[in-house]
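In what follows, a structure is listed as structure tokens, so that the remarks can point back to it.
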Amino acid sequence: MTDRRFTLVVWLLGISLAGLFWWPLVTGGGFVGGDIYSYYFPQKTFYAEQLQQGHSPFWNDRVGHGYPMLAESQAGVFYPPHLALYTWLEVNTAYSLSHLLHYVLAFVFTVGYAGRFGISRFGALLAGLVYVYGWFPTRSCWEWAIIGGTWLPAALWLVECVLQTRRWRFAGLLAGVLWIQMMAGHFQLAWITQLVLVVYVPCRLWWLPVGGPLLPPPVRWRAGVLLVISGGLAIGLAAIQLLPTWEFRRVSQRAEVGAEHPLQFGSIPAWYWTQAVMPFRWYSPTTDRTAALQADPPIPGVATNEGEAHLYFGLAPLLLAALGTGSVFRRGDPRGIFWILLGTLALFYTTGRMVPLVDWLPGFSYFQGPGRYGVVVTLAVALLAGEMAGRWLTPVVSGSFRSIVVWLGSLTALGSSWWLVDVTWVVVEANPGALAAPDWLPSIVLMTAGLGVFAVLAALGLFLVSRPRGAQVVAGQRLALAVLSLATVMDLWLVAHLVQFTEVLEDPPITRLASSPVRQALSESEMPPRVFAPMANFPTVLGVSATPVYFTFGPSEYTRRDLMMPSAQVEDPDDSFVPQTEAQMDWLERAGVTHIVSYKPIDPVRWPVEEIWRGRDPVMNSALGRGSPLFLYRLTEGRGRVSWDSGGEGNSISGYSATGSEVIVDVTTRVAGRLVLTELMAEGWQVEVDGSPRKVELVEGMYRGVRLEPGESRVRWHYQPPGLYWGFLISSVALLVLATAGLIRYRKPGWLAGLELNEPS
């Protein structure tokens, strides 16, 4: 098969696997569960709206009292795929397409790197399957895991392209890959990628011969310098995102790592590694993994969850990797030894036990979630499995060794399928009624029906391999590998649907916004509403501001007890959004809340509220998973989004408009006073009165205010993200340097002879 045809096969297989695992997304469905509606869709809905209206999505004024969306970084404001998808597509389609796109790209990049690393074509395809579908699906509720994990194999691939082809353009592409990964906004996976490169590049230059002998010593140093320059340029290019985030970190709830934000959160208990060899024990629908992890956490007092702690590669690939480990040490293959050592180190780091040894180092001290280093473990296992699968097809391998491998491989294929039977039996036993069974049960039943086929194929493969050398042996090897591959696909597909915080609905709530009566009722408000409602952040998809909030990285004001809504004891969780005390109602009024969505009726005699709607909302009820009616109330008192401080009697507000990063208020002032905007005061906010700059005042420790003299005035607040100017300047300089170097390289190559890598003729 030619290189061009193989490339086409890789792309088609990548697309096919993404469609197989996430077919409901292809047909217009969408995710629900996990952080999807409490974090991602609220964020993406606002982001898409701002882009499509031509506004800068630097400040999100809908979540709580606002937050710096650019600085929060996980929004990926400047991430190129986001800019393209959310500018032109509706939110659910853009989100699903982004998800599928990164699955395909990650598969292609992994196959590309494995091939460059010296793994056979079949082995490279297997490596791509194991890496992508071992790591990604169970983390579908976290966009950062999908996007960030995509670019790790891409960076390694381009390093190999630089060293093997000695062409500068790959160094430029490497800078681009490292840049785009940082622009996605989850800096921990970008950090892990860069950390892997810091280890990989020196080892590759001085120890790991791949695709030929090591480079001559002078060329090694020049190649090393060139790769370091690529990394430096990538950081410079990403400064437009890095600097605003760095500035924001100082005033965020993550400014100080302490008891509330332990670095060891999200570890993997060493005892939970057994999931890799006993999926039937841990992934059964009747197993309460959450309870097990809470009962015996990896580190006492430090939480984790089944998503962060997930580490599974498929039974067949794990067997191949184990066999490959023995083969690597027997042959003294430095390529395999490197990934065994790196994968083992990453595996032990996932437990969180090594964190205290390095938490004083920059980078390690910034990020929680040691379990996320499992992405390196998964890649290592994928490469070892792919290498072993490739050697399996090599004619020089002895017949006896091939027979052993086929026997073990056949048993593993059957074992992978056997646990499908086990799960099916458990599900059927637990759900005797057909209507109670999960949607994926028919697929499981269909898969288990292929057990007989697996048995026949495995026996046939064994028979053929045991024959004398020749075409029959090759056919047996290929048949056995096909069995292993199919078993692995089935194995990983099953885990993808058993271990995750999300599910895919054919008609997700986000697609029903036009039919939401709550949205319609709120749109009729004179002033932009702020709603006190269940599921933090979620109501903002209706186009309104909402509280309470949910942030993994957000303004510290939202976690300060003196600024938060006073708590109250409730016996029934459904009472959580019904005011319980005078202090709670006072907070709601002063926080500018205009409406309340509750699970229960609110007494209008006791509280200053007016019911304006009750019933079932197709968006909110679906997202909340509730069939009972919701209740929408308007607060008859309170200061709303903008008001006058004490002493402003007789003053009036005639106009209000907001576009995220800009708020314009038209006022008539009869008595000098302070205009208060119940929006978060943050560095970067400036105010003008009739075009003249004024001082922004901090009100009640949280809000923005400005003093006005009598008369008619137009007050304009506008936001300039801290660090954006210098970030833009540094990124521009880095881009100029990259463009200039490329131009010189191809127009005046002699000027950069000191970095020449001796391109092959």
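The values are calculated or read from the model by the stated rules, or taken from the named source; none is laboratory data. Source: prediction; values computed, not measured. Positions of Cβ are generated from backbone atoms using ideal geometry, with glycine treated the same way; all protein chains shown enter the neighbour counts.
Taken over the range 477-526, the criterion of being surrounded by 17 or more Cβ atoms within 10 Å (Cβ to Cβ), small (Gly, Ala, Ser) and over 30 Å from PHE41 (Cα atoms) is satisfied by ALA480, SER485, ALA487. Consider the range 717-742 and keep the residues that are aromatic (Phe, Trp, Tyr) and part of a strand (DSSP E or B). The one that is farthest from SER56 (Cα to Cα) is TRP717.
Considering only residues in the range 591-650 that are small (Gly, Ala, Ser) and over 27 Å from ARG714 (Cα atoms), the one that is farthest from the chain's Cα centre (by Cα) turns out to be GLY615. Is at least one residue of the range 119-132 under 30 Å from GLU306 (Cβ atoms), of a type in the set (S, T, N, Q), at pLDDT below 95 and not in a helix (DSSP H, G or I)? No, because not a single residue in the range 119-132 is under 30 Å from GLU306 (Cβ atoms), of a type in the set (S, T, N, Q), at pLDDT below 95 and not in a helix (DSSP H, G or I). Scan the range 696-716 for residues that are over 39 Å from the mean Cα position of the chain (by Cα) and not in a strand (DSSP E or B) and the total you get is 2. Only a single criterion out of (1) farther than 30 Å from PRO244 by Cβ; (2) in contact with a Lys or Arg (Cβ under 9 Å, 6 or more places away or on another chain) is not satisfied by GLY554, namely (1). Could you look through the range 680-710, keep only residues that are acidic (Asp, Glu) and over 17 Å from SER252 (Cβ atoms), and pick out the one that is surrounded by the fewest Cβ atoms within 10 Å (Cβ to Cβ)? Residue satisfying both the conditions and the ranking: GLU709. Among the residues in the range 248-261, are any within 30 Å of PHE313 (Cα to Cα), out of contact with any His (no Cβ under 6 Å at 6 or more places or on another chain), not acidic (Asp, Glu) and not in a helix (DSSP H, G or I)? Yes, the conditions are met somewhere in the range 248-261. Set side by side, the residues ALA75, ALA106 differ, and just one is under 23 Å from PRO137 (Cα atoms) and in a loop (DSSP other than H, G, I, E, B), which is ALA75.
Conditions (1) over 30 Å from LEU588 (Cβ atoms); (2) of a type in the set (Lys, Arg), marked per residue:
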residue	(1), (2)
ALA18	yes, no
TRP22	yes, no
VAL32	no, no
ASP35	no, no
LYS44	no, yes
TYR67	no, no
ALA75	no, no
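With the structure loaded, tell me whether LEU101 is within 23 Å of SER16 (Cβ to Cβ) and in a helix (DSSP H, G or I) or whether it fails that test. The answer is yes for LEU101.
Can you tell me how many residues in the range 348-388 are of a type outside the set (S, T, N, Q), in a loop (DSSP other than H, G, I, E, B) and crowded, with 24+ Cβ neighbours inside 10 Å? Final tally of qualifying residues: 1. Looking for something within 24 Å of the chain's Cα centre (by Cα), of a type outside the set (Asp, Glu), buried (at least 19 other Cβ atoms within 10 Å of the Cβ) and not assigned by TED's automatic domain parsing to the domain that holds GLY625 - is there at least one such residue anywhere in the range 551-565? Scanning the range 551-565, I find no residue that is within 24 Å of the chain's Cα centre (by Cα), of a type outside the set (Asp, Glu), buried (at least 19 other Cβ atoms within 10 Å of the Cβ) and not assigned by TED's automatic domain parsing to the domain that holds GLY625, so the answer is no.
Taking the numbered list (1) under 20 Å from THR45 (Cα atoms); (2) under 19 Å from the mean Cα position of the chain (by Cα) in turn, GLU90 passes all entries but (2). Among the numbered conditions (1) modelled with pLDDT of 90 or more; (2) over 25 Å from LEU563 (Cα atoms); (3) over 41 Å from the mean Cα position of the chain (by Cα), the only one that ILE653 does not meet is (1). Listed conditions (1) among the basic types (Lys, Arg); (2) surrounded by 15 or more Cβ atoms within 10 Å (Cβ to Cβ); (3) closer than 16 Å to LEU708 by Cβ are all met by ARG626, apart from (3).
In a residue-by-residue description of the range 149-165, the property of being in contact with a Lys or Arg (Cβ under 9 Å, 6 or more places away or on another chain) and within 27 Å of PHE501 (Cα to Cα) applies to at least one position.
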